[in-house]
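Below you'll find the structure, written out as C-alpha cells, and then a few comments.
Where a number appears in this text, it was derived from the coordinates with a stated rule and is not lab data. On a predicted model such as this, the values are computed, not experimentally measured, just so you know. Because the Cβ atoms are built from the backbone with ideal geometry, glycine has one as well, and the counts that use them run over all protein chains shown.
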4 protein chains.
Amino acid sequence: MAGNSFGKAFVVTTWGESHGKALGVVIDGCPPRLSLEESDIQQELNRRKPRIPSSTARREADKVEILSGTFEGKTTGTPVSLLIYNKDVDSSAYESIKDIFRPGHGDFTYLKKYGIRDWRGGGRASGRETAARVAAGAVAKRVLARERIKVTAYTVELAGIRAGLVDLDVVERNPFFVPDMAAAERMEKRVSEIKAAGDSAGGIVEVLVQGCPAGLGEPVFDKLDADLAKGLMSIGAVKAVEVGAGIEAARLLGSECNDQITPEGFLTNRAGGILAGISNGDNIVVRAAVKPISSIEIEQKTIDLDSKPRTISVKGRHDVSAIPRIVPVCEAMVRLVIVDHLLRQRVTG
Amino acid sequence: MAGNSFGKAFVVTTWGESHGKALGVVIDGCPPRLSLEESDIQQELNRRKPRIPSSTARREADKVEILSGTFEGKTTGTPVSLLIYNKDVDSSAYESIKDIFRPGHGDFTYLKKYGIRDWRGGGRASGRETAARVAAGAVAKRVLARERIKVTAYTVELAGIRAGLVDLDVVERNPFFVPDMAAAERMEKRVSEIKAAGDSAGGIVEVLVQGCPAGLGEPVFDKLDADLAKGLMSIGAVKAVEVGAGIEAARLLGSECNDQITPEGFLTNRAGGILAGISNGDNIVVRAAVKPISSIEIEQKTIDLDSKPRTISVKGRHDVSAIPRIVPVCEAMVRLVIVDHLLRQRVTG
Amino acid sequence: MAGNSFGKAFVVTTWGESHGKALGVVIDGCPPRLSLEESDIQQELNRRKPRIPSSTARREADKVEILSGTFEGKTTGTPVSLLIYNKDVDSSAYESIKDIFRPGHGDFTYLKKYGIRDWRGGGRASGRETAARVAAGAVAKRVLARERIKVTAYTVELAGIRAGLVDLDVVERNPFFVPDMAAAERMEKRVSEIKAAGDSAGGIVEVLVQGCPAGLGEPVFDKLDADLAKGLMSIGAVKAVEVGAGIEAARLLGSECNDQITPEGFLTNRAGGILAGISNGDNIVVRAAVKPISSIEIEQKTIDLDSKPRTISVKGRHDVSAIPRIVPVCEAMVRLVIVDHLLRQRVTG
Amino acid sequence: MAGNSFGKAFVVTTWGESHGKALGVVIDGCPPRLSLEESDIQQELNRRKPRIPSSTARREADKVEILSGTFEGKTTGTPVSLLIYNKDVDSSAYESIKDIFRPGHGDFTYLKKYGIRDWRGGGRASGRETAARVAAGAVAKRVLARERIKVTAYTVELAGIRAGLVDLDVVERNPFFVPDMAAAERMEKRVSEIKAAGDSAGGIVEVLVQGCPAGLGEPVFDKLDADLAKGLMSIGAVKAVEVGAGIEAARLLGSECNDQITPEGFLTNRAGGILAGISNGDNIVVRAAVKPISSIEIEQKTIDLDSKPRTISVKGRHDVSAIPRIVPVCEAMVRLVIVDHLLRQRVTG
C-alpha cells in the first residue's frame, strides 16, 4: 500500500527507477510567493555528484526541470513537479545478475513483496532515488532560508575514522564533507585501501539545524524527533538514528544528561534541541549511521531465483561508501522534516 | 496540527493527560472476527506496572474498559475504543513547581508550542500516556498471534550494565525484563545505589520479532525500519534507535556487514531482518536507547515563567529509570508497526 | 480499512455502536487556548433530541463528558476526547429481527463487508452515531465563533412540502427547524398522516455559512465543495448534495449562472459561495437530500441469513423522518469542514 | 495545505497548469503485475478530446508517457508516473484579461487564497487539469477489468434536454456520449443555438458501475457514496451529486424508497447500489450536475485587480458546454473511487 509520500503539510511524493526513463518528485503544499528557479535545485543536486574519481565511475547528468507550480520565477501554491531524465543508462551489467540476489540489497525482498522486480540498476531500491529527495530538499531549503533556519550535514565518521572537530567552514572543501581536514585526509587514504581490497566502508553523518524556533513537533506520535528518525531511517543504508547524546544518553546519569536551564539558555545540549518531541530553540543535532555499500568485489555466497547456491562478486564502478553521496540526502531529509513541522505549527500557533 | 494518530491501516489515536479524568485509545482498522476480551488487554497493562517497590511509589489502577468495536467477544471491524480512568490522582505535588521548567522535561516546549500547559503530572507529556499505547499493542498482539508472529522486548543494558546473553525464558522472572538473571541482579544493585544518590539511570531495550513473513514494509518512505524508528523514537525518553547491527554497521566492512545467503537462509542477521525497508523473513531486531529519568533529587539550575533563575530538586516517588516500564511500551510500538504493515501488505500481495 | 476519521487539520475520529456501552469522538488538532465547557457541547446535543412526542419514543440521555484536552476551562492543543454513555439500552426488540435484513438498512452490507454484525439497534450504522458528530461540531462551533463564522442548518423541504421563505429567526421555534412557520405547520400535519399510515418521509436540509472568509478550500481534490459533499454524504440517509444553484445549475445558461461581480460584491450567489473549490467570501449555501426513514410498519419483502424469503414490518418507536434530528448533524458536518479548511488555510496564507 | 492527492490505497497526485510545461499524475499504490502500456492510457485520453468541431477550437495533443512503475509492460508496485507535455501553448489571449476576474471562474479565489495567480489559461483551475485524472482513471480501469467491474459514464441531460432512455450501445456513437441517439440530435441542435447566442449550457452526467462486489466502502466517513460525492464534486463545474434516487429520494415515502429484497436480489435500486455507505452488489448509479461553461461572449460585469468596475466578453475558441469533455472525467473519478475501495477492502475482508 502506498508509501512514497512524506510529510503532512509539505508533502513530497517521489517516483522513478534507477534505469527507467526518468525520476522525479511532486511537492504538494509548497508555500506560494517563494522565489524558485531550476538553478536553486540544480545546485543541490550537484552536491550529490561524485567528488573524487575514486568513489564512482558512473556519470550522472541529473539535470532537473521544474514542470509546474511556479510562475514568473515564484511558486504559486500549486504542486511543484520536478523531473530528472535518466541519461546514458546501460543496464547490460545487470543482465548477468538478474537471476541472483545480491547480499545486502533489496533484490530478494522486492521480489517477495511485489512478485515482480525491475532488476535494472536496483530499480526503485537504488540510491539513485535519493536524487528526488535532494531536489525536494532544495525547495525546502528556500522556505527555510526565509525563516533563517540553516541545515548542514557532514561526516563525523568514515571507515572507522572519526572527525576530531566540527569546523563547518571546511565541510565543502574536502570530498567527504568532513568538518575536519586532517581527518578527511586519513579517511581518503583508508577508503583507497578498502577499495583496493575490493571491500566497502560505512560511516556516520551528523545533521545540524541552526535557528530552528521552539515549538516545532506534534506529540505524541508526530514528534519532531520521531519524524526525523523516520526520515533518516527511510534512506537506504541507514541502520541507526541518534538525537543529541543518542545512545550515550543510555549510559549517562540523570544529573549528567539533563540540560540545565539559565536565563541565557540551556547549559548543555544533550537533548539535541528536542524536548518531549518539540524543538526547544537550541540547535537540533541528529546522526545517521550508514552501513557499508553492499556491492563488493569480494566473493560472497548467495542464491538464485531457484534457491540454488551461487556466488557473487560485484565488479566495477561502484562506490566504496555511501558517504559522501548520502550527506546531501541526509541534509535534504532533515530539511523536509523541519519545513513540514514549521508549516504544521502555523496551524497550532 | 494533529499528530496523535499512528499507522495507516491499523490506526491508533491516543488521548488523555496524566492527571486528567481518563486516558484512552481508539483503534480504527482492527480486523473483524477477532476474539478480544478486556482481560487480553488488562494482562498487558499489568506488565507495565511497577515490579519492585523501589522503582516507584505511585499506585496506578489502570483498569481498562472496551467501550466499542466488539460484539459477543469478537471484534466487528468498527473502531475499538479503550478507556482507562485515572484514579487517585493527586496534583498537589505539582502545585509548587507549576511556574518553573523542569530540566529534561517538556514543560518549556509545551508552553512554547501551545501557549498553555496542563502542569498536573506532566499532562500529555507524561509517561502515563504510554498506557494507551500498551492497550492498543495488546489488541495488535491478538492480530499477530493469529499469524504466529511473536514480539518480545527486553532490557539489554541498564545503568551501564549489559546483559551478557539473551535468554527469553527469564525475561519475565526479574524486575527489569532482563534476558540474563545474573546481569539483572547487578542492575538492581546499581539502580539502588543511584536512587540513594538522588540520581537516575538510562538503558537500552531490544525488541525481537519472530515469525514475521518477508515482504512487509512500503518503500520508499514507509519502509518497515523507518516506521519502527518513528514508532520507537515517539516514546518519551528514547534518544536513539538501531536496526540490526545498528551503529556498529557504520564500522564494519561490506564483507562483514552483508548477510550472505544460502538455500537454508541468511548466514548472519546484521540487517536485523530488514533489507531495503522490507522484511526478509528473518528475525527483526531493533533497539531503543532510553535516557535517564529527568526528575531527580539532585539540585539543578532552571528558570521560571518569568525567565528568572531558580533551582529545582524533585523529591519523592519518581522512578529511577524508565526501565522497566518502558519495555512493554517498546514492545507495543513494535507490534503496532508490524500489524499495520501486515495489513498494508494485504493490499499489495 | 480505517475510515472513521474526518479532516486533516481538525481531525475527528468517532467510535461507538448504538447499543454498546458508549459512543464518543476524539478531536485531534483542536486549537489551544479556546474556552470549552461541557455545557457548550451539551447544548448542541440537546438540539438533536426529539422535539415532539410524535417523532420518537426512545429517550436518549446523551450526557456528554470531556475526558481530555482541556485545563481550567480552556483547550490545551492536545486531543479532546468526548464521551457519551448509552443509557437505558434495551436490545430485545432487535432479537426477533437479528436474522433478517431490513430493507434500506445496512444490515446486509455490514455483514457482507465484515462477516460479522452487531445487530443491536443497528450497531455502528445507527443514526445514533451522529451524536458524536454533533459533539465534535459543538467544539468546531467554538473555533468558528472566534472568527465570527456562523453556520445554520434548516429544513427547506419535508414530506414534499417546501418552505416558502428563509427566516432564520423562526428556525428554533418549530419542531422541524423550518425557516417558515406556516410551512412548518403543514409539514407537521403531513408527517402525522404518514405516521398514521405506517410509512415514513424524507426532506431537504439547507446549510448556510455566514462570515466565511475568501480563500478556504484546497484544490484540486480537497476543494471546499468536495469536502462539504463528502461530509454531508457521509451522513446516513443523505442521497444528494447540492452547492448553490445545485442541480438547477445544469439547466441554466452561462449568462444566468455566472455571478457577475461589482465593486460592492457578487450580484447573485448561484455559486453558493464557492468558486473553483475555494470560498469567495459570499455566503456558502449547500443542501442535503434526506431519504425517508427505512424502518416502516408497512410490510415489505426481504430475506434472512439463509437467503430465504421473509416479510418485515417494523413496529413501534421509530421516527417518521430523519428530519429534524438530522438538521443539527448537517450543521455539525459543515462546521467540521469549515473549521478544517480554516486551519488548513493558515498553512498557505 | 496540500490537497492534490486523492485516495488512501490507490493514491493519485496530480500536478500541472494549463499553460505550463506539462501536467501529470503520480499513482502510488498501483497493484503489481498488471499489464499496462501507454496505449491503454492514450485511448482514454483520446476520448476526452473534442468530438465535434463546434465544441472547441483548441487542439490538444495530449500524448501521454509512462515514466516509471512499469517493467517489461507490467506494473511493479512502485509509483506510476504519467506525463503529458503541453504543446502549442499560446497564452497571448489571456494577456488582456490578466488583470480582471472572469465571473464564474477561479481567478478571484485563487488570488485570494495564494496571493499570486498564474493567469495563463486558468492555470491550475483549468479543465485541462482533468487530463491527469483521466490518465489515472485509465490505470484504474486496468485494475477494475481484472475484477470484471465496468464503469460507464454518459450524458442524461444537456442544455435542458433529457435523454429518454439509457442505451449504453450508442454512447460512443454521438458527440455528447448520450445513451439516446434521438436526444443527442436535439441536444446538438440546441447547443448550436446557444453557441450562436454567445452563451453556454450545462447538463447532467450519470455514471454506472456494473459488477461491483458487495462490501466496498469504509463507514462512517469514508463511505463509498461519500467518497464518490467528493470525487465528483472535486471536478470543476460540478454543482451537485446524486446517488440512486438522489434528490427525488427526499420526496418519496419510505415504502416507495426502500429497495425490497428477494432471494433473486433487490426489487428496485433506489439506493443506487449503496446501503449505509457500503456497496450492496447491485449496480452503482451516481449523477453529477454540471454548470454551464463560465466563459461566454455575452458581456458581463466584473471588477479588476483594483476593484474597479469592468465588463468582459470572452471571445473565441471556448467550448459551449463542459459536456462532453467532462464525461470521461466523471468516469475516471468514479473508477478512482471504486479501485481505492476495492483495495481497501482487501485489508478488511
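How big is the dipole moment of region C:269-322 about its Cα centre under a simple scheme where the beta carbon of each Lys and Arg is +1, that of each Asp and Glu is -1, and everything else is neutral? Debye, nearest 20, please. Walk me through the numbers before you get to the answer.
Values: 8 positive and 6 negative charges, 15 e Å.
In debye, rounded to 20, region C:269-322 gives about 60.
Farthest toward the dipole's positive end in chain D, which of D:Trp15, D:Val26, D:Val290, given Cβ charges of +1 (Lys, Arg) and -1 (Asp, Glu) about the Cα centre?
Going by the charge dipole, the pick is D:Trp15.
From the backbone phi of region A:19-25, what are the Karplus-calculated ³J(HN,Hα) couplings (6.51 cos²θ - 1.76 cosθ + 1.60, θ = phi - 60°) in whole Hz, Gly and Pro given as x?
Once rounded to whole Hz, the list reads 10, x, 5, 6, 9, x, 8.
What does the C-alpha gyration tensor say about the overall shape of region A:5-348? Classify as rounded when a/c is under 1.5, otherwise prolate if a/b is larger than b/c, or oblate. Please list the in-between numbers first.
On the way: a/c = 1.73, a/b = 1.28, b/c = 1.36.
Taking the square roots of the gyration eigenvalues as a ≥ b ≥ c, region A:5-348 is oblate.
In what order do D:Arg190, C:Arg148 fall by count of nearby beta-carbon atoms within 10 Å, going from fewest to most?
By the 10 Å Cβ count, ascending: C:Arg148, D:Arg190.
Ranking D:Lys49, B:Lys223 by Cβ neighbours within 10 Å, fewest first, what do you get? Present the calculation step by step, with values, prior to reporting the outcome.
On the way: D:Lys49 15, B:Lys223 26.
Starting with the residue having the fewest Cβ neighbours, the order is D:Lys49, B:Lys223.
In whole angstrom, and with the biggest value first, how far do the Cα coordinates of region A:92-197 range along each principal axis?
Cα extents, longest axis first: 47, 42, 22 Å.
Suppose you put the label 7 Å out from Cα in the Cβ direction; list, shortest first and in nm with one decimal, how far A:Arg148 is from each other copy's label.
For A:Arg148, the other copies' label points sit at 3.5, 6.2, 6.8 nm, shortest first.
What lysines could a cross-link reach from A:Lys49, if we take a straight Cα to Cα line under 18 Å and drop same-chain neighbours fewer than 8 places away?
A:Lys63, A:Lys87
Once you treat every alpha carbon in the protein assembly as shown as an equal point and sum by Debye, what is log10 I(q)/I(0) at q = 0.05, 0.06 Å⁻¹?
-0.36, -0.52
Within straight cross-link reach of C:Lys239, meaning Cα distance under 12 Å, which aspartates and glutamates are found once same-chain residues fewer than 8 apart are removed?
Partners found: D:Asp225, D:Glu242, D:Glu248.
Just flag the GluC sites (Glu not before Pro) in region A:102-163 sitting in loop per DSSP whose Cβ has no more than 16 other Cβ atoms within 10 Å.
Details: sites: A:Glu129, A:Glu147, A:Glu157; in loops: A:Glu147.
When the GluC sites (Glu not before Pro) of region A:102-163 are filtered for loop state and at most 16 Cβ neighbours within 10 Å, A:Glu147 remain.
Using the Karplus curve 6.51 cos²θ - 1.76 cosθ + 1.60 with θ = phi - 60°, work out ³J(HN,Hα) for each residue of region D:267-281 in order, rounded to whole Hz, and write x for Gly and Pro.
With the stated coefficients, region D:267-281 comes to 6, 9, 9, 6, 6, x, x, 9, 10, 6, x, 10, 4, 9, x Hz.
Is region D:298-341 rounded, prolate or oblate when judged by the Cα gyration tensor, a ≥ b ≥ c being the square roots of its eigenvalues, rounded requiring a/c under 1.5 and prolate requiring a/b larger than b/c?
Values: a/c = 5.86, a/b = 2.30, b/c = 2.55.
It is oblate, given that a/c is not under 1.5 and a/b is not larger than b/c.
Of the GluC sites (Glu not before Pro) in region A:292-335, which ones lie in a loop per DSSP and count no more than 16 other C-beta atoms within 10 Å?
When the GluC sites (Glu not before Pro) of region A:292-335 are filtered for loop state and at most 16 Cβ neighbours within 10 Å, A:Glu299 remain.
Could you tell me the center-to-center distance, by alpha carbons, between region D:195-238 and region A:1-49 in angstrom?
32
In Å³ and rounded to a whole number, note down the convex hull volume per residue for the Cα atoms of region C:1-149. Intermediate values should be presented prior to the final figure.
Details: hull volume 20.1 nm³, N = 149.
In region C:1-149, the Cα convex hull volume per residue is 135 Å³.
Could you pull out the pairs from C:Lys112/C:Lys315; B:Lys223/C:Lys98; C:Lys141/D:Lys223 whose alpha carbons sit more than 32 Å apart here? Present the calculation step by step, with values, prior to reporting the outcome.
Values: C:Lys112/C:Lys315 26 Å; B:Lys223/C:Lys98 44 Å; C:Lys141/D:Lys223 25 Å.
Pairs exceeding 32 Å: B:Lys223/C:Lys98.
Report the residue of chain C with the smallest Cβ-to-axis distance, using the rotation axis that brings C onto A, in whole Å.
C:Arg346, 2
For B:Lys98, place a label point 7 Å from Cα along the Cα-to-Cβ direction in every copy; what are the distances to the other copies, in nm, shortest first?
5.0, 5.9, 7.1
Explain nothing, just the number: relative contact order of region D:207-311, from Cα pairs under 8 Å at least 6 residues apart, as a whole percent. Mind dumping the intermediate values first?
Working: 158 pairs, mean separation 38.8, N = 105.
In percent, rounded to a whole number, it is 37.
From the helices alone, meaning DSSP H stretches of at least four residues, give me the mean residue ellipticity at 222 nm for chain C, per-run term -39500 (n - 2.57), in deg cm²/dmol to the nearest 500.
On the way: 8 runs with 92 residues, N = 349.
Using -39500 (n - 2.57) per qualifying helix, the result is -8000 deg cm²/dmol.
Calculate the mean, over all residues of peptide B:25-36, of how many other protein chain Cβ atoms lie within 10 angstrom of the residue's Cβ. Let's see the in-between values first.
Values: counts 2, 11, 3, 10, 8, 2, 4, 8, 3, 1, 0, 0.
Mean partner shielding for this stretch: 4.
Considering only DSSP states other than H, G, I, E and B, which GluC sites (Glu not before Pro) in region B:240-291 qualify as loop sites with at most 15 other Cβ atoms within 10 Å? Don't skip to the answer; put the middle values down first.
On the way: sites: B:Glu242, B:Glu248, B:Glu256, B:Glu264; in loops: B:Glu264.
Here the GluC sites (Glu not before Pro) that fit, given the DSSP loop and packing criteria, are B:Glu264.
Where the only charges are on Cβ atoms (+1 Lys, Arg; -1 Asp, Glu), what is the dipole of region D:5-348 about its Cα centre, to the nearest 20 debye? Intermediate results must be reported in sequence, preceding the final value.
Details: 48 positive and 45 negative charges, 135 e Å.
Charge dipole of region D:5-348: 640 debye, to the nearest 20.
So how do C:Thr302, D:Thr14 line up by other beta-carbon neighbours within 10 Å, fewest first?
C:Thr302, D:Thr14
Which of rounded, prolate, oblate describes region B:209-349, given a ≥ b ≥ c as roots of the alpha-carbon gyration tensor eigenvalues and a/c under 1.5 marking rounded, otherwise prolate only if a/b is larger than b/c? Could the numbers behind the result be given before it?
Values: a/c = 2.79, a/b = 2.16, b/c = 1.29.
Verdict is prolate for region B:209-349.
Taking each label point as 7 Å beyond Cα in the direction of the beta carbon, state the distances from C:Pro263 to the same residue in the other copies, shortest first, in nm.
5.6, 7.7, 8.9
What does the charge dipole of region D:84-163 about its Cα centre add up to, to the nearest 20 debye, if the Cβ of each Lys and Arg holds +1 and the Cβ of each Asp and Glu holds -1?
Values: 16 positive and 9 negative charges, 105 e Å.
It comes to approximately 500 debye.
With θ set to phi - 60°, apply the Karplus curve 6.51 cos²θ - 1.76 cosθ + 1.60 along region C:344-349 and write out the HN-Hα couplings as whole Hz, x wherever there is a Gly or Pro.
After applying 6.51 cos²θ - 1.76 cosθ + 1.60, I find 5, 5, 4, 5, 7, x Hz.
Name the residues whose placed amide hydrogens come within less than 5 Å of the amide hydrogen of B:Gly77, ignoring near sequence neighbours (fewer than 5 apart) on the same chain.
Answer set, sorted by chain and number: B:Arg33.
C:Ser92 to C:Ile298: FRET efficiency via 1/(1 + (r/R0)^6), r the Cβ-Cβ distance, R0 35 Å, to the nearest 0.05?
Details: r = 23 Å, r/R0 = 0.65.
Using R0 = 35 Å, I get an efficiency of 0.95.
Please give me the summed charge of the neighbours of B:Arg148: other residues whose Cβ is under 13 Å from its Cβ, Lys and Arg +1, Asp and Glu -1. Please list the in-between numbers first.
On the way: positive: B:Lys141, B:Arg142, B:Arg146, B:Lys150; negative: B:Glu147.
With Lys, Arg at +1 and Asp, Glu at -1, the neighbours total +3.
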